[in-house]
Amino acid sequence: MEEKVMKDCKVLALCSQKGGVGKTTSCVNLAVGLAKAGKKVLVIDNDPQGSMTASLGYHNPDELPITLATILTKIVEDELFENTLGILHHQEGIDLIPANIELSGMEVSLVNIMSRELVLKQYIERMREEYDYILIDCMPSLGMLTINALASVDAVIIPVQAAYLPVKGLEQLIRTIGKVRRQLNKQLKIGGILITMVDNRTNYARDISDLIFDTYGNQIKIFPQSIPFSVRAAEISAEGISIFEHDPKGKVAAAYWQMTQEVLLDER
Ligand SMILES: Nc1ncnc2c1ncn2[C@@H]1O[C@H](COP(=O)(O)OP(=O)(O)OP(=O)(O)O)[C@@H](O)[C@H]1O
Ligand SMILES: [Mg+2]
């Protein structure tokens, strides 16, 4: 594949093999935050659970006829398709490539094909010219779909829930990212650790935040603003809207807005 010299589009994955840490919630809110800052944004649901698809208002993802699985299959089979294929437009100004359970079949079928780790990258490379930011919401595993995401992106954002000792899972993820960097994607960076669901009333959450800063602060960027725990954040998926629409004056919206500014600062 030809490398483009001028790369204006930034591609980020929200990734952690640990489930329920806030990947999808952060992906939705960062995407809308970037759109509010005037950026053209595409989000790609790379999880067969279709949680982000549902979170953006498509509550029955399994009924959608065209999804990421459709696109990846076309790439594998070398079929031509338009860049507009499968794109849904959300009311808050972001575009979405949805996913549903069909994507779980790809995890298996990719295993036997040529350049199996680089199928999603072929799609991302052609979509780069259409967007300022492309965000990929990953599933909680380090299987073939996640490796495809890591091989495609410029940087990974790692949400870490401030409610348990994350260090072991983080080590494994950081090792995997290193391996992908060496073997598939030299550009791959860790864009930052985002501490999520922080209940500031407990010492425990503060201890975990301190531990993450102490352990990783000198090697990995840690977003200075962590995301507070709030039922308002948990409500957004049922509403199909971002926190900026659901609770614009709340502390979670403020935190995701700050995070958005940090991501914008990282622009090359
Ligand atoms: N700041 C928050 N405060 C309270 N609840 C939250 C917050 N962020 C996310 N949640 C809730 O926590 C749960 C897990 O969040 P989310 O789905 O974003 O995690 P995930 O990492 O994408 O999960 P999975 O690994 O299953 O894909 C969801 O029910 C979500 O609504
Ligand atoms: Mg998710």
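All of the numbers you see were taken from the coordinates with simple rules; none came from a lab. Just so you know, these numbers come straight off a predicted model, no measurement behind them. Every residue, glycine among them, receives a Cβ derived from its backbone with ideal geometry; neighbour counts consider all protein chains shown.
Extension gain, THR202 to GLU171, is 8.6 nm, computed as 0.36 nm per intervening residue step minus the present C-alpha separation. Summing +1 for each Lys or Arg and -1 for each Asp or Glu among the other residues whose beta-carbon sits under 11 angstrom from that of LEU142 gives +3.
Relative to the 2.2 N^0.38 Å rule of thumb, region 226-268 has a C-alpha radius of gyration ratio of 1.22. Local charge for ALA254 was computed over the other residues whose Cβ lies under 15 Å away, with Lys and Arg +1 and Asp and Glu -1, and equals +1. The residue list GLY19, GLY105, LEU88 was ranked by how far each Cα lies along the charge dipole of region 16-174 toward its positive end, using unit charges on Cβ atoms, and GLY19 comes out on top. Using a simple spin-label model with pseudo-atoms 7 Å out from Cα toward Cβ, LYS179 and ILE220 lie 1.6 nm apart.
Length gained on full extension, ALA238 to SER109: 43.2 nm, using 0.36 nm per residue less the C-alpha separation.
Comparing region 93-186 with the 2.2 N^0.38 Å rule of thumb, its C-alpha radius of gyration ratio is 1.15 (two decimals). Taking every DSSP beta bridge that has both ends in the chain, the antiparallel portion is near 5%. Ellipsoid semi-axes for region 1-90, based on the Cα gyration tensor and the rule √(5λ), read 22, 20, 14 Å when sorted largest first. For ILE222, nonlocal amide neighbours, meaning residues 5 or more places apart or on other chains whose placed amide H falls under 5 Å from its own, are ILE193. Which helices of the chain meet both criteria: a Cα extent of 20 Å or more along the helical axis and a mean Kyte-Doolittle score no lower than -1.0, with helices taken as whole DSSP H segments? Those that clear 20 Å and a mean of -1.0 are 167-183, 251-265.
Mean silhouette area of region 164-268, derived from the convex hull of its C-alpha atoms and averaged over all directions, reads 8.2 nm².
Summary value for the chain: 27 percent relative contact order, contacts being C-alpha pairs under 8 angstrom separated by 6+ residues. For region 200-242, taking Cα atoms only, Rg and Dmax work out to 13.8, 39 Å respectively. Taking R0 as 30 Å, what FRET efficiency do you get between ILE101 and ALA37 from their Cβ-Cβ distance, rounded to the nearest 0.05? In this case the efficiency is close to 0.35.
For the pair region 1-80 and region 205-260, the centres of their Cα atoms are 20 angstrom apart. Taking the fewest neighbouring Cβ atoms within 10 Å as the starting point, the ordered list for VAL119, VAL28, VAL76 is VAL76, VAL119, VAL28.
Averaging over all projection directions, the Cα-based convex hull of the chain occupies 13.3 nm² in the image plane.
Sorting the segments 215-222, 55-62 by their residues' average number of neighbouring beta-carbon atoms within 10 angstrom, most packed first, yields 55-62, 215-222. ALA163: net charge of surrounding residues, Cβ under 13 Å, Lys/Arg +1, Asp/Glu -1, itself excluded? Taking every other residue near ALA163 into account, the sum is +1.
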